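*Asks:* First the structure, which I've put down as structure tokens, then a few questions once you've had a look.
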């Protein structure tokens, strides 16, 4: 393990020790806690080739989540590959916000039509988690990208919520049944300006799908369209919740305020103090 930490550090990997713990525990199929109880155990020689392949890929700056093929989100395991963005801790704030809203407004009520809609679901981590946390609800998960939707389906099946996650291939407000009025609509849309691409870590810029990262108009083009369109699909009192860029709070507040259908506009910080989630209630 120490040799692996050293190699990653020399390769410029900032989180070398944490990644080493993840790699070795994954290879041994044990928890990170158990890893240290077994710290004096000899590493199996048969796994040496696998470890070397992982290290070579990581030193080329491939994301570790893609190399291992999975990651954790909201305490659950998700398949993870280049078909979709890597789930990130900040997005858990979006899930917490929507979950708390749905539990507070609809506790104990079963709704047959979708109660929540995750626009641009990607690998499905938001939709699958909402379905798992809200067993009385069905969640609609839409995306324009078919490979991403297939990954969503795999994650819904693996997390045993495929019967309550409806997948739809469409672009934003595509062919949705008009009579559906959602209690909550959420999205983690592309919100990075193309002008900021050079400032991103190479793991993100070179490996994660650009279509899920970048949006024109300073990263606000899709956010603007979602804010404008969601009001027509939200039930009265329904919640719109968006993950946004660290520097977009003022612009997003103004966009929401520009639609009289929205009230109670709020901005929620992430653990770094950046205003990361914007919410508004349909009047």
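*Asks:* Angle between the Cα long axis of helix 146-158 and the longest principal axis of the chain, 0 to 90 degrees, nearest 10?
*Replies:* 80 degrees
*Asks:* Mind listing the Cα extents of region 170-241 along all three principal axes, in Å, largest one first?
*Replies:* 43, 19, 16
*Asks:* Given contacts defined as C-alpha pairs under 8 Å and at least six residues apart, what's the relative contact order of the chain, whole-number percent?
*Replies:* Value for the chain: 14 percent.
*Asks:* Right, another one. When the Cα centres of region 124-174 and region 211-267 are compared, how far apart do they sit, in Å?
*Replies:* 21 Å
*Asks:* Right, next: Using a basic spin-label model with each label point 7 Å from the Cα along Cα→Cβ, how many nm lie between residue 264 and residue 30?
*Replies:* A separation of 4.9 nm, rounded to one decimal place.
*Asks:* To test your reading of the geometry: what angle, between 0 and 90 degrees and rounded to tens, separates the Cα axis of helix 91-106 from the longest principal axis of the chain?
*Replies:* For helix 91-106, the angle is close to 40 degrees.
*Asks:* Please report the relative contact order for region 169-224, taking Cα pairs under 8 Å with a sequence separation of at least 6, and give it as a percent rounded to a whole number.
*Replies:* So the answer I get is 42 percent.
*Asks:* So I have (1) 21.1, 82; (2) 20.2, 65; (3) 20.4, 62, and one of them is Rg and Dmax of the Cα atoms in Å calculated from this model. Which one is it?
*Replies:* Only one listed value fits the structure, namely (2).
*Asks:* For region 2-60, take N as its residue count and report Rg(C-alpha) divided by 2.2 N^0.38 Å.
*Replies:* 1.07
*Asks:* Taking only Cα atoms, what is the 0 to 90° angle, nearest 10, from helix 16-28's long axis to the longest principal axis of the chain?
*Replies:* Between the helix axis and the principal axis of the chain, the angle is about 80 degrees.
Read the figures in this text as sums done on the coordinates, not as results from a lab. Owing to the predicted nature of the structure, the values given are computational and were not obtained by experimental measurement. Methodologically, a virtual Cβ is constructed for each residue, glycine included, from the backbone with ideal geometry; neighbour enumeration extends over all protein chains shown.
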